[in-house]
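> I have a structure I would like to understand better, so I am pasting it below and will then ask my questions one at a time.
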Amino acid sequence: MEATDLSEIPASVPGQTITTEVVIIGAGPCGLFQVFELGLLGIKAHLVDSLAHPGGQCSELYPEKPIYDIPALPVCGAQELVDRLMKQIEPFHPTFHLGQEVIEFSKKEDGRFLVRTALGTTFDAGAVVIAAGVGSFQPRRIGIEGSEAHEGSSLHYRVKNSSTLHDQHLVIFGGGDSALDWTLELLPKARSVTLVHRRAEFRAAPASVSKMQEHVSAGRMRMFEALPQSFLLEDGKIRGVNVKAKDGTVHALSADQVLVFFGLHPKLGPIAEWGMELEKKALKVDTEKFQTTLPGVFAVGDINTYPGKKKLILSGFHEAALAAFAIQHHLYPAKKQFLQYTTTSPIMHQRLGVPD
Ligand SMILES: Cc1cc2nc3c(=O)[nH]c(=O)nc-3n(C[C@H](O)[C@H](O)[C@H](O)COP(=O)(O)OP(=O)(O)OC[C@H]3O[C@@H](n4cnc5c(N)ncnc54)[C@H](O)[C@@H]3O)c2cc1C
């Protein structure tokens, strides 16, 4: 299976106002399959995800692991499943709005919904599907008081434009692939690089760890086994960071820019405040439409709950199929609904781009 080429996903321009039939919050496996089920019924959808790539937990938490309980696929890698879903929804050309967390939601007087992202993209949608899984993945923060004030200027949890880090003194925190990849990538371009990790063992790919250790031995960079303690500030700007080693000694490291890669953790976030009924941090839905307690807002996948709910991809796929019919009825109540087989339906073939 060919991997998803992210450069081929049409980039959305943040800040636009978009009128759409449906907006799907969350591009995990269930959000992706929701596009397919809506597409079969001739309904277009926009997808928003706070991650920079589609796939949710499958891509973020266990891309290399095999899944054994997807019907008709005896074994399928988690990222492979995402790639297959991306291929399956290609005929419906959904627009992806990646790297954007949905932070605002409201119902308009005309019954439609306003959904706004942290980058200012606004959707005016006839129906909303929340496929937000276990929540929006957020970077684990450095844990130094007042650090928020420096985020985006000299403290970074993701690299947006690496050229701004060239010719700078960098301190990089973390022991996983992101920390090691950026250390190796930026070392030839930065003025200096210091890697700080809380322990001697790294989670990153062994080849990257060996390369980094070679650079340390050759004196091209430094590596400290320590924890962040405080910033060294000058006129309110970060000029360095104090780190505390296991033996209690504190080292002052010069830094123009501090990069932190402590991994991501899911946070239910603003969804909890949108007025729909929750049970144990999940949205209550019925099992006919998978509609939340707010008509027009549907929830599929790990984010929902109902009697007997099992947080499995398979369950989310079934929920998406039924939700699609309910969404069609919500948007076009006068339209007669037919169950059509993809095998034989000419209209579905047309939508799928399959020649009859
Ligand atoms: C290690 C591991 C192994 C697993 N193995 C299996 C298995 O073998 N079989 C199986 O069926 N299931 C398995 N699961 C569970 C499976 O991964 C989940 O059931 C599935 O990912 C749920 O899909 P989803 O689309 O509902 O949510 P998710 O995959 O969680 O995706 C939700 C997406 O919504 C985004 N999001 C959330 N809030 C917002 C917001 N406010 N704005 C923008 N975006 C937002 C998130 O960034 C995320 O990308 C496993 C899980 C783990 C962790």
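The values are calculated or read from the model by the stated rules, or taken from the named source; none is laboratory data. Everything numeric in this text was worked out from a predicted model, so none of it was measured. Virtual Cβ from ideal backbone geometry, glycine too; neighbours counted across all protein chains shown. Just the protein is used for accessible areas: all its heavy atoms, side chains included, with ligands, DNA and RNA removed. Shrake-Rupley method; radii C 1.70, N 1.55, O 1.52, S 1.80 Å.
> Within segment 277-320, count every residue that is in a strand (DSSP E or B) and among the small types (G, A, S).
Result for segment 277-320: 2.
> Another question, then. Going by the structure shown, is D235 closer than 23 Å to G152 by Cα, crowded, with 18+ Cβ neighbours inside 10 Å and acidic (D, E)?
no
> Here's a follow-up. Got a number for residues in segment 256-276 being more than 10 Å from the ligand (Cβ to nearest atom), of a type in the set (D, E, K, R) and either assigned to a strand (DSSP E or B) or in contact (Cβ under 8 Å) with a residue 12 or more places away in the chain (or both)?
Residues meeting the conditions: 1.
> Another question, if that's okay. Going by what's in this entry, would G248 be described as surrounded by fewer than 16 Cβ atoms within 10 Å (Cβ to Cβ) and more than 19 Å from the chain's Cα centre (by Cα)?
yes
> Output the number of residues of segment 283-304 satisfying the condition of being away from the ligand (no atom under 12 Å from the Cβ) and without any contact (Cβ under 8 Å) to a residue 60 or more places away in the chain.
9
> Taking the conditions exactly as written (within 16 Å of the ligand (Cβ to nearest atom) and open to solvent by 10 Å² or more (accessible area, probe 1.4 Å)), does R112 satisfy them or not?
No: the conditions fail for R112.
> So, one more: Check whether at least one residue in segment 139-154 is in contact (Cβ under 8 Å) with a residue 12 or more places away in the chain, more than 12 Å from the ligand (Cβ to nearest atom), touching a Lys or Arg at 6+ places or on another chain (Cβ under 7 Å) and part of a loop (DSSP other than H, G, I, E, B), and report yes or no.
Taking every residue of segment 139-154 in turn, at least one turns out to be in contact (Cβ under 8 Å) with a residue 12 or more places away in the chain, more than 12 Å from the ligand (Cβ to nearest atom), touching a Lys or Arg at 6+ places or on another chain (Cβ under 7 Å) and part of a loop (DSSP other than H, G, I, E, B).
> Continuing with this model, one more query. Filter segment 28-85 down to residues that are assigned to a strand (DSSP E or B) and hydrophobic (A, V, I, L, M, F, W, C) and give me whichever is farthest from the ligand (Cβ to nearest atom).
A45
> Something else about it: Filter segment 121-137 down to the residues that are in a strand (DSSP E or B) and near the ligand (Cβ under 9 Å from one of its atoms), then identify the one that is surrounded by the fewest Cβ atoms within 10 Å (Cβ to Cβ).
If we take residues in segment 121-137 being in a strand (DSSP E or B) and near the ligand (Cβ under 9 Å from one of its atoms), then F137 is surrounded by the fewest Cβ atoms within 10 Å (Cβ to Cβ).
> While we're here: Considering segment 37-77 alone, what residues qualify as being hydroxyl-bearing (S, T, Y) and free of Cβ contacts under 8 Å to residues at least 40 places away in the same chain?
If the condition is that a residue be hydroxyl-bearing (S, T, Y) and free of Cβ contacts under 8 Å to residues at least 40 places away in the same chain, then S59, Y62, Y68 are the ones that fit.
> When segment 49-79 is examined, which residues are found to be farther than 19 Å from D302 by Cβ and open to solvent by less than 60 Å² (accessible area, probe 1.4 Å)?
L73, G77
> When you go through P355, P346, P307, P333 one by one, which is the residue that is more than 14 Å from the ligand (Cβ to nearest atom), within 20 Å of G126 (Cβ to Cβ) and open to solvent by 80 Å² or more (accessible area, probe 1.4 Å)?
It is P333.
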